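The values are calculated or read from the model by the stated rules, or taken from the named source; none is laboratory data. Just so we're clear, the structure is a prediction, and the values are computed from it rather than from any experiment. Here the Cβ positions follow ideal geometry from the backbone for every residue, glycine too, while neighbour counts run over all protein chains shown. For the accessible areas, the whole protein counts, side chains as well, though only heavy atoms, and no ligand, DNA or RNA atoms are used. Shrake-Rupley method; radii C 1.70, N 1.55, O 1.52, S 1.80 Å.
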Amino acid sequence: MKLIAAIGILLLSTMHLYSQGSLAVSNIPETLKEGADAVVRFDNQSFTVESIGKGVEKQHYAITIFNQRSSGRADIAINYSNLTPIRNISATVYDANGKQIKKLKKSEIRDYSNYASFTIYSDSRVKNFDLRQSSFPYTIEVSYEKVRDGLMFIPGWVAHFPGKISVESSVFTVTTPQNYDLRIQNINVEEPVVTTESGTTIYQWSVENSTPVKREHISADPDYGYQMVRLAPGKFEMEGYVGDMTTWKSFGKWLHTINQNRDYLSEGHVSKIRKLIAGVEDDREKIKIVYEYLQKNTRYVSIQLGFGGWQTYPATYVEENGYGDCKALTNYTQSVLKNIGIESFYTLISAGRNEGDLDLSFPSSQFNHVILTVPVENDTIWLECTSQDNPFGYLSDFTSDRNALLLSEEGGTIVRTPSYTAQQNLYLTKGEITLDKDGNGQISMVSDLNGLTYNYMDGFNSLSEDSQKKNVRRMFPIKNMEELTYSYSEQKDKLPSASISVDFKARKMASVSGKRVFLTANQINQLSYIPEKTDSRSSDFEISYERNVVDSIVYKLPEGVYVERLPTAKKIETEFGTYEVTYEKGDGYLKYSRRYTTKKGTFDKEKYLEYIKFYEKCVRADKQKVVFLKVT
């Protein structure tokens, strides 16, 4: 206890020290100012585990803001809920000389519910206060406490993250009962200093004088540039449910337990479903009927009330109300399938196109979504139960190609969701463009989108006519588009596809100079993006998914106009992707053919310049012009 008291005295003396003017900008080492938009002057964070079900988090930090780019750090938003109440908020603003210019008043703290338009119930709230100033630089100092009722999550520590921010001092202290199983993952930081005193164990990490770390484009290391600590409990308790997080199996067992006995449906509802599948023998077809019934008769809303963030509402809730969150809708679908004799599994996943995959080496709650896994003979069907228009059995880039945790009575099992190959992700465009002597065009094109490229058109039928036309113009970005007509169709299979046909006119799509007409042959899928260049790189890089883009356009030429000069055909083959373009001229026509394919994978950092050169060559090839000559 003497050590804990000493730490408390040290924190109090630190607060007093900083209040006496030491937050002046002139006290920041020049090495930390260079290239920085902001500097963390100090960040003293602590967490005390009081039991396996309760803890107290304390935050006290100061940041110097140098410019408008970092001013958002002074607009403070602190999340809380019934399970994580917040208290003792304090904040102060100092000028460049460290002189106090503002003290936060209680009346200046806004308190509002933290949910989006699709959320119907939530106890998630935000304490928000704005400390932004019009003159730079200035320093903000903030402190608060948060009680955590239920320790499924233990707050970690991010001392430094990539970007234009420096850290003068950051200290993280965790105090636990001496027999508490605290699981630790250190990322780019030293092991903690560990001491014991009077039945407690104290862990302390620190970082000092850390300069900005530049973010690296498509880094294969999700933790690149971070200095941080992740924490998780061994044994924990939430709402009276005791769990074990030391393995994925044991953690999955707890998650399965808290969601048990919530699969009851009324006999009348089950009878209705059975009538829908009457006479159907094939299980796959039965599952499809159930899924399409779900999509037509339910909708997604977010419901986040206390323990409900992890425990699903009963299936009868969805039956009676026609809505639910991802947990409730998945549980409802699982319950319906169970009542018609089909086994399925509630499956937790980290969803989002840019979400990192699970860190399998550190079992913990790394999930934000739930889907349903349905094994069938020689196959597995994956169901996204929150979508009203998702194709049956299709996982988009929101949840595809990543690890997930499947729950059963035996516990949790890591499974891999399906990925899609370049050939499956085919984006094929064929078209005919009739040119006149003034460079105007009459265009007819058809684009077929398959696999993940189907996502470009997902939900197209539900858009207004104006929004549909905006999407069409984005897909066919030819200037001066006029008299547009289009038709759209889609095939909602396990590997979905969509097709859009367009007809329109375009003025001056080719430029005319005297007897010559200049045309950029690639009018619709022209590459312009080149990855960020760098002289050196610290991390390997990753291409997360692959696709195959194929264009075939025939230009019909007016009488008296001939091809004078064709660009050189090109074929570029690399381990990152391939690019090939050819030109074929004939009597009254020019055929333009192009194929661009990306390859998924992780690549050595030393090959990054080769990767950039590949894109540079593709961009140059896409800009090549054909020259026509008018002879009449």
Decide, for segment 483-541, between rounded, prolate and oblate: order the square roots of the alpha carbon gyration tensor eigenvalues as a ≥ b ≥ c, take rounded if a/c falls under 1.5, and otherwise choose prolate if a/b is larger than b/c, else oblate. oblate
Residue 235 versus residue 179: modelled label distance in nm, points set 7 Å from Cα along the beta carbon direction: 0.7 nm
Send over the per residue convex hull volume for segment 341-453, Cα only, as a whole number of Å³. 172 Å³
Tell me, what is the 1.4 Å probe accessible area of residue 253, in Å² to the nearest 10? 90 Å²
3J(HN,Hα) from dihedral phi, segment 133-144, Karplus parametrisation 6.51/-1.76/1.60, rounded to Hz, x for glycine, proline: 10, 8, 10, 10, x, 8, 10, 10, 10, 10, 8, 6
Roughly how many Å² is the accessible area per residue of segment 43-178, as a whole number, for a 1.4 Å probe? 44 Å²
Alpha carbon centre of segment 415-436 versus segment 596-632: separation in Å? 18 Å
Rank these by accessible area, largest first, 1.4 Å probe: 587, 622. 587, 622
Can you sort 527, 495 by 1.4 Å-probe accessible area, starting with the largest? 495, 527
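Take the cross-link list 275/338; 327/470; 127/164; 591/623; 275/296; 479/591 and give me the ones stretching past 23 Å between alpha-carbons. Before the final figure, lay out each step's value.
Values: 275/338 15 Å; 327/470 35 Å; 127/164 26 Å; 591/623 16 Å; 275/296 16 Å; 479/591 21 Å.
In this structure, 327/470; 127/164 lie more than 23 Å apart at Cα.
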Net charge within 11 Å of residue 552 by Cβ-Cβ distance, Lys/Arg positive one each and Asp/Glu negative one each, not counting residue 552 itself? +1
Solvent-accessible area, 1.4 Å probe, carbon plus sulfur percent, for the chain: 47 percent
So which aspartates and glutamates pass the test for residue 556, namely a Cα distance under 18 Å, with those fewer than 8 places away in the same chain ruled out? 432, 436, 438, 503, 564, 584, 587
How many Å² of accessible area per residue for segment 350-405, probe 1.4 Å? 37 Å²
Proximal aspartates and glutamates relative to residue 99, as straight alpha-carbon distance under 14 Å, when same-chain residues fewer than 8 apart are discounted: 141
Of the listed pairs 146/214; 146/253; 570/613, which have alpha-carbon separations greater than 22 Å here? 146/214; 146/253
Please say if segment 157-269 is rounded, prolate or oblate, where rounded means a/c under 1.5 for a ≥ b ≥ c the square roots of the C-alpha gyration tensor eigenvalues, and otherwise the choice is prolate for a/b larger than b/c and oblate otherwise? oblate
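Among the listed pairs 430/599; 249/286; 515/585, which have their C-alpha atoms separated by more than 27 angstrom in this model?
On the way: 430/599 23 Å; 249/286 30 Å; 515/585 19 Å.
Cα-Cα > 27 Å for 249/286; rest within.
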1.4 Å probe accessible area per residue over segment 424-545, in Å²: 50 Å²
Residue by residue, what Karplus-based ³J(HN,Hα) values in Hz, rounded to whole numbers, does segment 416-421 have, using 6.51, -1.76 and 1.60 with θ = phi - 60° and x for Gly and Pro? 10, 6, x, 10, 10, 7
Integer Hz, Karplus 6.51/-1.76/1.60 couplings in order for segment 559-574, x for Gly and Pro: 4, x, 10, 10, 6, 8, 9, 10, x, 6, 4, 9, 9, 10, 10, 9
Quick check on the chain: helices-only [θ] at 222 nm, where DSSP H runs of length 4 and up contribute -39,500 (n - 2.57) each and the sum goes over total residues. Nearest 500, please. -5000 deg cm²/dmol
